[in-house]
1. Report, ordered by the first and then the second residue, all pairs with beta carbons closer than 7 Å, sequence separation of six or more or different chains, a first member in the stretch 83-100 that is outside the structural domain of TYR335 (by TED's automatic domain parsing), and a second member that is open to solvent by less than 10 Å² (accessible area, probe 1.4 Å) and of a type in the set (Ser, Thr, Tyr).
2. Please specify each residue of the stretch 117-136 satisfying the condition of being without any contact (Cβ under 8 Å) to a residue 40 or more places away in the chain and either among the hydrophobic types (A, V, I, L, M, F, W, C) or farther than 19 Å from SER334 by Cα (or both).
3. Would it be correct to say that VAL36 is surrounded by 15 or more Cβ atoms within 10 Å (Cβ to Cβ) and either over 30 Å from SER340 (Cβ atoms) or assigned by TED's automatic domain parsing to the domain that holds VAL364 (or both)?
4. Keeping to the stretch 242-272, report how many residues are part of a loop (DSSP other than H, G, I, E, B) and crowded, with 16+ Cβ neighbours inside 10 Å.
5. Pick from SER269, SER229: which is outside the structural domain of VAL364 (by TED's automatic domain parsing) and not aliphatic (A, V, I, L, M)?
6. Hey, can you tell me all the residues within the stretch 1-33 that are under 27 Å from PRO351 (Cβ atoms), open to solvent by less than 80 Å² (accessible area, probe 1.4 Å) and in a helix (DSSP H, G or I)?
7. Criterion first (open to solvent by 20 Å² or more (accessible area, probe 1.4 Å) and touching a helix residue (DSSP H, G or I) at 6+ places or on another chain (Cβ under 7 Å)) does GLU312 satisfy it?
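The values are calculated or read from the model by the stated rules, or taken from the named source; none is laboratory data. Small disclaimer: the values here were computed from a predicted structure and weren't measured. Cβ placement follows ideal geometry from the backbone for every residue including glycine, while neighbour counts extend to all protein chains displayed. Heads up: the accessible areas ignore ligands, DNA and RNA and are worked out on the full protein's heavy atoms, side chains in. Shrake-Rupley method; radii C 1.70, N 1.55, O 1.52, S 1.80 Å.
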Amino acid sequence: MKPKIWLSSPHMSGNEQSYIQEAFNANWVAPLGPNVNGFENDIQSYLKEDIHVAALASGTSALHLSLILLGITYGDEVICQSKTFSASANPIIYQGAQPIFVDSENDTWAICPNLLETAIKDRIKKGKKPKAIIAVHLYGMPYKVDEIREVANIYEIPIIEDSAEAFGSKYKNQCCGTFGDFSILSFNGNKIITTSGGGALITKTLSQKHKAVFLATQAKDPSPAYLHSEIGYNYRMSNIIAGIGRGQMTILDSHVTKRRANYNRYKTSLEHIDKISFIAEPENCFSNRWLSCILLDSEATREGLRLALEKENIESRHFWKPMHQQPVFKEAPSYLNGVSDNLFEKGLCLPSGSNLTEEELNRVISAINVYFVG
Ligand SMILES: *Cc1c(COP(=O)(O)O)cnc(C)c1O
């Protein structure tokens, strides 16, 4: 058997262990400490906007805290992009709120601004104005930032920007992760940078950050007596994990460059195959190309290719199965146009890691060529 080629595996810089060693030397083995502050500052300077960063245990916990900070509670409605990973939607349920799913458009594969407005109007007509909009940059491609913001502003609904897959991506030269009323990042094992597991909440004000950190550290009131007047969570990032993050921040841009090169390599080597198509990078968008995605002409071709790659010990993956198709969300109201269903049938994610070697890329490309051309 040839060695496994993974979809997207962790890629360390070599600097991580020195930050971890510092934490051990100072005995800062806790969910606070200099690496946590340092990692937050590194992210803040990278994003280059007037924002504040709270390092947390995961992207999911960052989404959960943003719903809590927006006061979303039992019975409220929250709009969520249907084509995404389930972690975007689950925290709505944690709050006892109702997800309302909205389909995508074909330029970016993210939430469709027109359908978003249709959904908002219909929810208002039915008696409840949605309390938030969760919009997701998919596979690193920025969603239609201006159009979504325009709709959100008309109806005065805050945006939670799920930038878990888009750290290093830009829209009109501004970093993804800075467009939401709240934004989130993920540093899970398969993301563009990883801390093994982790995430961040990005806020517009310092007091929102302080509130998030307060809730993330068990909501301890300022008293020596273990006093609590609110429900807390154990969501803070540890100082050891943050050390990995500090090392990873030193190579984020080079990971973006490599992932974009992977994508371009696939495109130039495979676009002659008429059953394969690629999504163009829309004007104003700079994608980190977290995952290299292709569309096949049918579900049968997609599955045939996936299995052929599996035989060569090459991991490829389906696109996210839309949330409106998930058994767990089958009762949720959805506003659909067929786009995400179609993408789910025909889409395939190819090996995309920043640590892919030339030899591995060649193996993937040649396996695909063999499948189509023989
Ligand atoms: C990975 C991911 C998350 C969740 O992040 P975790 O850090 O794994 O909790 C949320 N949304 C999207 C779109 C993701 O891809």
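1. Sorted first by the residue in the stretch 83-100, then by its partner, the pairs are LYS83/SER104; LYS83/SER340.
2. ILE124 - this is the single residue of the stretch 117-136 that is without any contact (Cβ under 8 Å) to a residue 40 or more places away in the chain and either among the hydrophobic types (A, V, I, L, M, F, W, C) or farther than 19 Å from SER334 by Cα (or both).
3. For VAL36, the condition - surrounded by 15 or more Cβ atoms within 10 Å (Cβ to Cβ) and either over 30 Å from SER340 (Cβ atoms) or assigned by TED's automatic domain parsing to the domain that holds VAL364 (or both) - is met.
4. 1
5. The conditions single out SER229.
6. Matches in the stretch 1-33: GLU16 only.
7. yes
Residues checked against (1) under 17 Å from the mean Cα position of the chain (by Cα); (2) assigned by TED's automatic domain parsing to the domain that holds SER196; (3) among the acidic types (Asp, Glu); (4) within 16 Å of the ligand (Cβ to nearest atom):
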{"site": "HIS11", "(1), (2), (3), (4)": "no, no, no, no"}
{"site": "GLU22", "(1), (2), (3), (4)": "no, yes, yes, no"}
{"site": "TRP28", "(1), (2), (3), (4)": "no, yes, no, no"}
{"site": "ASP50", "(1), (2), (3), (4)": "no, yes, yes, no"}
{"site": "LEU56", "(1), (2), (3), (4)": "yes, yes, no, yes"}
{"site": "LEU63", "(1), (2), (3), (4)": "yes, yes, no, yes"}
{"site": "ASP76", "(1), (2), (3), (4)": "no, yes, yes, no"}
